[in-house]
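Reviewing the structure listed below.
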Amino acid sequence: VPQLERRCRRSYHCGVIARLQQRRFHRAKLLLMNTELSVQQVGTAVGYPEPSHFSGFFRKLSGVSPRAYRAENV
């Protein structure tokens, strides 16, 4: 685990958990902009089966709800 953390920090300048969250957020943005999936389905697809957890995670990183993000970017 420490070696994985070191390598991740060297390559991506952040820890493993932060990198995972970045990848989930990026994928969620793509799914919201390019598919007709519901917000709940997008959350499940990126690893957040609870809609409230996904909305909180998305809002924390983007400053807007997933629905608002979709409305602004479609």
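Accessible surface calculations at 1.4 Å, restricted to protein heavy atoms, place the chain at 71 Å² per residue.
Applying 1/(1 + (r/R0)^6) with r as the Cβ-Cβ distance of ARG27 and GLN3 and R0 = 25 angstrom yields a FRET efficiency of 0.45.
Provide, as a two-decimal number, the C-alpha radius of gyration of the chain over 2.2 N^0.38 Å, N being how many residues it has.
It is 1.21.
The listed residues GLU72, GLU5 rank as GLU72, GLU5 when sorted by accessible area, largest first, using a 1.4 Å probe.
Here the chain has 52 percent of its accessible surface on carbon and sulfur atoms, given a 1.4 Å probe and all protein chains in place.
Take every pair of alpha-carbon atoms less than 8 Å apart whose residues are at least six positions apart; their mean separation over the length of the chain yields a relative contact order of 20 percent. On full extension, the segment bounded by SER38 and ASN73 gains 11.1 nm, given 0.36 nm per residue less the C-alpha separation.
Estimated purely from DSSP H runs of n ≥ 4, each contributing -39500 (n - 2.57), the mean residue ellipticity at 222 nm for the chain is -23500 deg cm²/dmol once divided by its residues.
The values are calculated or read from the model by the stated rules, or taken from the named source; none is laboratory data. Bear in mind the structure is a predicted one, so any value in this text is a computation, not a measurement. Every residue, glycine as well, gets a Cβ built from its backbone with ideal geometry; the counts of neighbours run over all protein chains shown. Each accessible area value is taken on the protein alone, full model and side chains, heavy atoms only, with ligands, DNA and RNA left out. Shrake-Rupley method; radii C 1.70, N 1.55, O 1.52, S 1.80 Å.
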